[in-house]
Amino acid sequence: MILREEGRIQILPPHLVNQIAAGEVIERPASVVKELLENAIDAGATEIRIELEEGGKRLIRVTDDGMGIAPSELPLAVASHATSKLRSEADLHRIHTLGFRGEALASIASVSELDLLSRQAGQEAGERILARDGTVSEGLPESIAPGTRITVRNLFYNVPARRRFLRGERSELARIHSMVKEHAIAMPTVGFTVSHGGKISLRYPAGQPHRTRIAEVLGRELAERLISLPPSDRLLGWIAPPDVHRRTAEGLHVFLNGRPIRDRVVFHAVREGFRGHQIPGHHPVAVIFLDLPPESIDVNVHPTKEEVRFEDSSVVHTLVRRAVREALASAASVPPLDAVIRAPNVEPRAVAEPMADRVSESFGFGTATLDLPRPLASPSTPVVRSTLIDDREVRAFQVRSAFIVVEEEDGLVLIDQHALHEKILYEEILASRDQGIAAQVLLVPEPVELDPAEWQEFVEAREALRELGFEVDEFGDSVALVRSVPAGFESRSVDRLLRDVLARLAEGRRGGSDDLPDLRERLLQTLACKRAVKAGQPLSAEAISDLVRGRARAFQPRNCPHGRPAELRIGWEELNRRFDRK
Ligand code: ADP
Ligand code: MG
């Protein structure tokens with residue numbers, strides 16, 4: 001449509017307004033499917049059928065068994081700004097339906113040929129209208145089971161630029177599938193069937209329990225490994241262990257009050273939760289359902305309603321991050337040695353045997369005091385040590401006093417001894433502490449004089465400090481008397497340590513976030529790092545063997561607590577290929 005009298009301001013004709021609005025929401029067939037699915041779910045459907053042709057470009061038909069639309073309201077359903085889901089401004093601030101904008105059907109009708117057939121429970125037959133080129137036909141009776149059937153043909157037939165922008169049939173179908181999968185996870189009680197060109201391509205039966213539906217959508221193998229997040233009244237969810245990862249955020253399935261969302265705050269919180277457990281650049285897999293009071297969120301941020309705004313995003317961030325961290329920490333708690341490793345050729349040690357030797361010769365995993373190994377081997381003569389892990393013989397030796405080479409069934413593994421030991425210790429510390437960090441009581445309590453800002457922070461953060469392992473009293477004005485420090489930090493300058501921690505706490509407070517879990521995490525990492533064997537340290541055969549066995553028991557030995565890789569692997573096939581052997 002050309003507006004001839006250039007320069008004059010005119011109100012746009014409604015059909016054009018709708019086309020412009022459609023530009024924001026309806027980008028491709030999957031966007032149509034999303035809107036139609038949302039409508040069906042809002043209508044209380046328990047079975048939703050989606051029929052497609054040519055990746056939805058030629059035809060999309062969604063049939064539901066929901067409450068239907070009254071014949072007199074059919075034309076309204078395809079009119080813009082017409083909705084049954086909002087009545088007043090107050091409703092806008094406590095949205096409990098997926099739709100509320102009253103624009104989707106009007107937008108879709110402006111860029112396609114839309115055919116709407118619906119029947120309410122009391123009616124004898126359904127009624128059908130056709131919308132095309134901004135006009136709506138008279139209603140005609142047609143038989144249909146109670147519910148609604150919406151058919152969208154030739155999407156973007158009148159918007160060639162958009163049509164050209166669409167991908168091939170398979171790619172559009174894939175997008176529709178992932179859209180349906182998100183809703184299928186969100187609504188496990190609703191049945192979904194997708195057929196393409198007459199063949200069923202996805203099918204989820206109605207009335208499934210959450211876990212079953214997730215298993216159907218994400219795959220059984222992955223679902224079996226999912227770790228539950230500690231449930232609360234605001235959050236329910238599962239994460240995959242850290243060795244399962246994706247290249248993008250595609251593995252993050254987040255739902256807010258039943259609505260699939262792609263939200264940066266929540267995504268970031270999940271990744272933060274995985275920090276130290278997963279290699280940076282890897283993306284975790286998680287399914288998270290958030291249940292927040294509708295008045296504390298704003299879903300009217302973007303027309304697609306996938307972005308949301310939280311009244312207090314730091315609360316949501318903390319909620320999610322903590323849940324993920326707790327789940328990882330509990331999954332990381334290492335089972336006792338004997339349960340995992342059977343070493344049939346080793347005689348059980350006599351109880352009376354002095355422990356000291358053993359501990360100093362090896363790492364003595366599982367014991368609280370970890371002495372560094374006595375170097376038994378010179379760096380130039382690698383010790384080949386074989387260790388039995390799960391009845392398999394594993395051979396290992398040290399090179400350059402820094403790396404351990406392990407021969408495994410499927411290839412060679414090169415291990416950074418410091419990074420691996422650090423990770424094993426980190427997991428042990430995580431598992432052993434109940435709450436907070438263990439405290440080490442100082443022989444002589446140490447007074448630390450604080451400046452006014454530090455003193456202020458100290459007075460406010462007493463509880464937090466205790467959780468971190470500091471037992472501190474007030475000792476006159478602006479002097480803190482330190483009675484204990486986090487275990488592992490006793491050799492540090494108490495003065496510097498306390499000031500440093502106070503500074504970080506203050507920083508976190510200024511940033512508006514409750515940074516204690518992060519700080520605790522960083523202290524644990526520092527602790528593990530300090531205690532771990534260094535690069536450049538020759539290791540005894542016992543120590544190598546201990547490390548290799550510790551690796552087998554570790555929850556996630558592939559990276560250090562800071563996320564850097566702790567090992568590299570070369571498969572035998574790869575090795576053969578490199579040597580031009582077939
Ligand atoms: P919204 O969902 O934001 O209200 P839509 O344009 O998607 O706007 O739909 C307009 C109205 O049409 C809805 O408010 C609802 O009353 C009705 N409607 C649409 N689809 C269905 C359906 N599948 N079943 C029952 N009613 C529907
Ligand atoms: Mg809608």
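All of the numbers you see were taken from the coordinates with simple rules; none came from a lab. Given the structure is predicted, the values throughout are model-derived calculations rather than measurements. Note that each Cβ is placed from the backbone with ideal geometry, even for glycine, and that neighbours are counted across all protein chains shown.
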Exercise. Report the extension gain between H562 and T189 in nm, rounded to one decimal, defined as 0.36 nm multiplied by the number of residues separating them, less their alpha carbon distance.
Key: 130.2 nm
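Applying 1/(1 + (r/R0)^6) with R0 = 30 Å to the Cβ-Cβ distance of H245 and V405, what FRET efficiency is obtained, to the nearest 0.05?
Working: r = 25 Å, r/R0 = 0.85.
Calculated transfer efficiency: 0.75.
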Quiz prompt | Net charge dipole size for region 112-176 [Lys, Arg +1 and Asp, Glu -1 on Cβ; Debye, nearest 20] | solution = 540 debye
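How large, in Å, is region 56-195 by the Kirkwood hydrodynamic radius built from its alpha-carbon pairs?
Details: mean 1/r = 0.0606 Å⁻¹.
Taking the inverse mean of 1/r over all distinct Cα pairs, region 56-195 comes out at 16.5 Å.
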Self-check item: Simple Cβ-charge dipole of the chain, Lys/Arg +1 and Asp/Glu -1, about Cα centre, in debye nearest 20
Solution: 1960 debye
Exercise. Please work out how much length the chain gains when fully extended from A125 to E47, using 0.36 nm per residue of separation minus the C-alpha to C-alpha distance, in nm with one decimal.
Key: 26.1 nm
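How long is the gain from F475 to R309 if the chain were fully straight, where each residue apart is worth 0.36 nm and the alpha carbon distance is subtracted?
Details: separation 166, 0.36 × 166 = 59.76 nm, distance 4.55 nm.
This chain segment gains 55.2 nm when fully extended.
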Self-check item: Where only alpha carbons of region 395-490 are counted, the Rg and the Dmax (Å)
Solution: 20.6, 65
Exercise. Kindly rank 444-450, 262-268, 24-30 from highest to lowest mean number of other beta carbons found within 10 Å of each residue.
Key: 24-30, 262-268, 444-450
Self-check item: Amide H contacts under 5 Å for E47, placed H, 5+ residues apart
Solution: D65, G191
Self-check item: Debye-sum result for the chain in log10 I(q)/I(0), which assumes one identical scatterer on each alpha carbon, at q = 0.06, 0.08 Å⁻¹
Solution: -0.47, -0.74
Exercise. Set Lys and Arg Cβ to +1 and Asp and Glu Cβ to -1, take the dipole of the chain about its Cα centre, and tell me which of G139, H562, F470 lies farthest positive.
Key: G139
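Starting with the fewest neighbours, write out M179, M187, M67 ranked by other beta-carbon atoms found within 10 Å of each beta-carbon. Don't jump to the answer; show the numbers that get you there.
Working: M179 21, M187 24, M67 17.
Result, fewest neighbours first: M67, M179, M187.
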Practice problem: Rounded to whole Å and sorted largest first, list the principal axis extents of the Cα atoms in region 154-218. | Solution: 44, 22, 17
Quiz prompt | For C560, C529, order by how many other beta-carbon atoms lie within 10 Å, fewest first | solution = C529, C560
Exercise. May I ask for log10 I(q)/I(0) of region 31-86 at q = 0.14, 0.18, 0.22 Å⁻¹, from a Debye sum over the Cα atoms as equal point scatterers with solvent left out?
Key: -0.42, -0.69, -0.96
Quiz item: Using a Förster distance of 22 Å, how high is the FRET efficiency between S178 and R264, based on the Cβ-Cβ distance and rounded to 0.05?
Solution: 0.70
Self-check item: Relative exposure of H421, H317, judged by other C-beta atoms within 10 Å (fewest first)
Solution: H317, H421
Quiz prompt | Pairwise label distance in nanometres, A431 with D133, each label 7 Å out on the Cα-Cβ vector | solution = 7.3 nm
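Within the chain, how many Lys pairs sit with Cα atoms under 14 Å apart, leaving out pairs fewer than 8 places apart on the same chain?
Working: K34/K181; K34/K305; K423/K530; K423/K534.
Number of lysine pairs found: 4.
Which whole number in µm²/s is D for region 460-547 by Stokes-Einstein, with the Kirkwood Rh taken over Cα pairs at 37 °C and 0.692 mPa s? Intermediate values should be presented prior to the final figure.
Working: Rh = 14.9 Å.
Estimated via Stokes-Einstein, D reaches 220 µm²/s.
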Self-check item: Approximate spin-label separation E221-R87, in nm, with each point projected 7 Å along Cα-to-Cβ
Solution: 5.3 nm
Self-check item: Loop sites in region 33-112: trypsin sites (Lys or Arg not before Pro), DSSP, at most 13 other Cβ within 10 Å
Solution: R87, R94
Quiz item: Across bins of 10 angstrom width beginning at 0, how are the C-alpha pair distances of region 223-327 distributed, in whole percent?
Solution: 16, 52, 28, 5
Self-check item: Approximate spin-label separation H302-E142, in nm, with each point projected 7 Å along Cα-to-Cβ
Solution: 3.5 nm
